Amino acid sequence: MAAGTDRATNAPLTDRIIGFVDHLRANGFTVGTQESGRIAAYLAEHPLPQLPRIRLELKILLTGNRDEWLRFDELFEAYFVASGRERTHIRRTTSPHVKNPLRHAPVWREHLADTNAGSDAPQIESDHAGDVSGEATGRLIAAKQSVDRKTDLKHIVDPDEMRAAEDLALRLAKAMRYRLSRRHRAARHGRRIDLRRTIRRALPRGGEPIELFRRTTPDRPVHIIVFLDVSGSMKHYSRFFLQFVKGLVCSWMQSDAFVFHTRLIRVTDAVRDRNSARAMTRLALMAEGFGGGTKLGESIATFNRTYARRLTNSRTVAIILSDGYDTGSADELAAELARLKRHVRRLVWLNPLLGWQSYEPVTAAMQAARPYIDHFAAANSLESLAAIEPQLAQL
Amino acid sequence: MTIQDDIGPKLLAAGYVADDTLATALQLTLSLRRPLLLEGEAGVGKTETAKALAAALDTRLIRLQCYEGLDATATIYEWNYQKQLLAIRAREHDNVPADAIEKQIFSEDFLLRRPLLEAISQDKSPVLLIDEIDRADEEFEAYLLEILSDFQVTIPELGTIAASSRPYVILTSNGTRELSDALRRRCLYSYVEFPDHARELAILSARMPDLESRLANAIIGFVQQLRREDLEKKPGIAETLDWAAALSGLGVNNLGDDIDKITQTMICLLKTEPDLKSVTREVVSRLSGKAA
């Protein structure tokens with residue numbers, strides 16, 4: 001049968017399927033015009049199969065990962081059976097195409113850099129009165145001093161200074177990331193001989209390999225997984241840490257970011273988003289439903305069960321940014337950290353409280369966690385954040 | 001119509017029981033000539049799929065096992081350096097100009113073909129299996145993209161070698177690393193689940209036709225139940241087959257008969273120490289009770 005007649009009979013279907021591709025795209029699938037074109041071409045050339053078969057073929061053609069594979073059937077049904085019904089409410093949370101960005105959820109307003117951060121500042125100031133550190137009030141008055149790398153982050157309250165500090169955290173992380181992923185080293189003393197170059201250079205000398213060229217396997221970047229505590233007790237720090245995490249996690253290097261509170265949420269895609277206003281909106285949407293308190297053990301358990309096998313490899317370094325105030329059980333935390341330890345190469349715990357003069361890590365959670373931590377360090381100033389780099393560079 | 005319409009029966013003839021999804025995916029691969037990316041847990045039979053496809057099409061299977069640090073010299077081509085050195089030495093006193101020697105030693109005679117080059121220079125389209133692509137580095141993914149889109153290889157000393165045949169490409173991934181979107185978009189995708197009861201039973205009876213059907217049924221029931229337990233590593237199809245062979249070797253006719261013996265044979269199914277510890281005699285007895 002001629003291709004021309006097929007094209008004609010399939011034309012309405014082709015339109016419908018292009019509509020379906022749009023529908024998938026609106027639901028966060030990575031499908032483009034190339035895919036719709038391919039499908040149109042495929043339909044034009046092949047006789048029309050039965051509906052279950054079309055569904056299967058489209059599923060194989062249009063999905064690209066397990067998440068999409070699992071969601072496809074639902075979306076197919078929504079479009080071809082009950083057209084348009086699903087579209088309005090499902091998946092808006094993770095889609096980058098959210099049309100009317102919602103404001104930050106209340107719990108996040110304290111953590112996120114907002115454009116009208118000025119209104120947040122007095123609140124932080126008043127909180128300080130009840131804080132453990134005695135010198136806090138003194139520093140608050142001197143808010144006009146310029147940000148330097150040694151200042152404890154919780155003392156920074158001036159909106160301009162905050163922005164400057166966030167900027168510094170982001171730049172710091174980016175610089176670290178660059179150092180870590182520099183791949184090629186001079187190979188003068190490499191382990192192996194580069195035979196191709198050696199033989200080439202031996203030709204003009206009558207085949208005598210006088211000059212030996214060497215090569216070496218380059219250092220590879222480590223794979224970083226960051227867990228950021230965004231519970232109430234961390235709120236003075238988490239906005240800076242979030243910038244730090246954002247700098248560390250980028251699209252061309254293997255890295256992942258999670259935030260936890262009472263639940264664990266993967267935020268890799270959101271923090272990779274270059275548009276930071278949109279990234280914050282996405283984070284806020286993801287964080288909906290957070291309550292008070294911290295459940296460290298449970299959050300790590302979620303990671304171990306759901307992500308550990310897929311996301312970790314022999315070069316993974318896990319970084320936990322938390323103050324260790326945990327409302328869950330310490331035994332569970334210890335058990336889950338032990339399991340996490342089997343999946344990752346190093347476990348780094350950064351505790352902002354450790355930078356305080358009189359702080360001792362005596363909470364039950366910290367005590368339980370200590371045996372599993374390879375590197376336990378302070379993270380209350382930008383300088384202390386910078387100091388963890390050697391921990392990431394060496395495995 | 002063409003080969004594509006009877007790939008299912010052909011796979012069956014090759015001893016491979018494919019479900020609808022997988023059969024459709026393979027047919028699309030054959031008709032669209034695009035690579036197929038199979039993802040799924042270890043042991044669901046992804047690698048077997050490629051072997052079965054090669055058998056069904058009666059063509060060669062070229063396999064590239066990926067590992068960390070895999071590079072172009074191990075996957076595309078390499079010069080035979082020892083032979084080159086010998087050739088230079090042999091010509092030493094012939095007064096041949098250097099560029100003639102260079103031309104000679106960088107010719108096809110001195111080329112070692114690695115799997116990717118091998119796969120595009122066959123007479124009949126082979127099946128190219130790129131196994132566990134998630135273990136290779138991201139740089140390797142970039143090479144692969146070039147080869148998968150153009151089906152040609154450029155060797156600086158020789159020029160461009162175009163494909164004499166386009167291989168059917170199957171990539172497998174255990175999901176230890178997220179693959180790049182660019183690679184995913186060039187491939188057809190299928191997520192392979194553990195087989196359901198009926199299909200696994202069909203696989204078992206295809207592989208071990210002598211096994212008594214009541215016992216085979218109980219074995220599959222047991223394994224299917226076992227996969228629902230909270231295990232670190234779920235037993236795959238290969239493990240099921242091993243276990244069935246072990247049981248028939250031990251002369252077990254009924255799973256409920258000798259719980260201790262069955263518990264000892266758990267080493268065929270469970271491959272980590274915590275799993276072996278968690279599946280105790282009681283668990284085995286509960287599962288075999290349900291399966292019988």
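Rule-based calculations on the coordinates, nothing more; no lab input. Every value quoted in this text rests on a predicted model; they were computed, and no experiment measured them. Backbone-built Cβ (ideal geometry, glycine too); neighbour counts: all protein chains shown.
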What percent do you get for the relative contact order of chain B when only Cα pairs under 8 Å and 6+ apart count? 22
Using Cα centres only, tell me the gap between region B:35-59 and region A:290-321 in whole Å. 33
Just check region B:57-189 against the gyration tensor rule for me: Cα atoms, a ≥ b ≥ c as the square roots of the eigenvalues, rounded for a/c under 1.5, and otherwise prolate or oblate depending on whether a/b exceeds b/c. prolate
Residue exposure sequence - A:39, A:54 - by fewest surrounding Cβ within 10 Å: A:54, A:39
Distance violations [Cα-Cα > 25 Å] among A:246/B:233; A:341/B:51; A:341/B:233; A:246/A:295; A:59/B:10: A:246/B:233; A:341/B:51
Can you tell me the length gained on complete extension of the stretch residue A:50 to residue A:314, counting 0.36 nm per residue apart and subtracting the Cα distance? 90.4 nm
Distance in nm between label sites at residue B:212 and residue B:109, each 7 Å beyond Cα in the beta-carbon direction? 6.6
Inter-part distance where region A:32-79 and region B:90-105 are each reduced to a Cα centre, Å: 58
Could you please report the charge total around residue B:119, scoring K, R as +1 and D, E as -1 over all other residues with beta-carbon less than 11 angstrom from its beta-carbon? +4
Assuming 0.890 mPa s and 25 °C, estimate D for region B:155-204 with Stokes-Einstein, Rh taken as the Kirkwood radius over Cα pairs, in µm²/s. 162
Could you size up the charge dipole of chain B around its Cα centre, putting +1 on the beta carbon of Lys and Arg and -1 on that of Asp and Glu, and report it in debye to the nearest 20? 600
List the relative contact order of region B:197-287 as a percent without decimals, with contacts defined as Cα pairs under 8 Å and 6+ residues apart. 30
Ranked B:32, B:86, criterion: other C-beta atoms within 10 Å, fewest first: B:86, B:32
